[in-house]
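Have a look at the structure below, then the notes.
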Amino acid sequence: MHKLLSDKSVIFFDVGNTIDRPASGDWMFTNRFLEIAGDRLNRCPADRMQKAWKAGIDLLLRNRLIRDEAEEEALFFDFYRIISDGLGLGLTEAELRAAAWDRTYNMDNYVL
């Protein structure tokens, strides 16, 4: 996808499985996040996962205006921190930054 868009200025108004889909099968939990969280994520009870997910999504819904990639990366850092804290994953700042960077800049997260 990155090659297709590298020389174009585009705005996506709706990419919810219309134009592309998430490579991981989930819009928020990228393959990189799943790799970082690993088995820690799989051991979390469903009710705890739902509560953490809701808290993370609530953050995103309160911050709908994102002006640039730096703001998007910062927002997803906070999203993944909320998920990590809510699930007791114990992700480090470096792991949270890696997940947020990947979610923001890695075009391989999306499959046409």
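Quick notes
- Note, ³J(HN,Hα) from phi for the stretch 89-98, Karplus 6.51, -1.76, 1.60, rounded to Hz, x at Gly and Pro: 6, x, 5, 6, 4, 5, 5, 5, 5, 5
- Whole-Hz couplings from phi, Karplus 6.51/-1.76/1.60, listed for the stretch 78-83; x for Gly and Pro: 5, 4, 5, 5, 4, 4
- Note on mean projected area of the Cα convex hull in nm²: of the candidates (i) 7.2; (ii) 9.7; (iii) 8.8, the value calculated from this structure sits at (i).
- When the helices of the chain are scored as -39500 (n - 2.57) per DSSP H run of n ≥ 4 and the total is divided over every residue, the value at 222 nm lands at -18500 deg cm²/dmol.
- Spatial offset of the stretch 34-53 relative to the stretch 59-112 amounts to 15 Å, using the alpha carbon center of each.
- Cβ-derived FRET efficiency at R0 30 Å, Met107 paired with Asp58, nearest 0.05: 0.65
- Cβ-based net charge around Ser24, under 13 Å, with every Lys or Arg adding one and every Asp or Glu removing one: -2
- GNM top mover of Arg62, Arg21, Arg48 - the chain, alpha-carbon springs below 10 Å: Arg62
- 3J(HN,Hα) along the stretch 66-75: 10, 7, 7, 5, 4, 5, 5, 4, 4, 5 Hz, from the Karplus curve 6.51 cos²θ - 1.76 cosθ + 1.60 with θ = phi - 60°, whole Hz, x for Gly and Pro.
- Amide hydrogen proximity for Tyr110: with H placed 1.01 Å from N in the peptide plane, the residues at 5 or more positions away or on another chain lying under 5 Å are Ala23.
Rule-based calculations on the coordinates, nothing more; no lab input. Because the structure is predicted, anything quoted here is derived from the model rather than measured. Here Cβ is always computed from backbone atoms with ideal geometry, including for glycine, and neighbour counts include all displayed protein chains.
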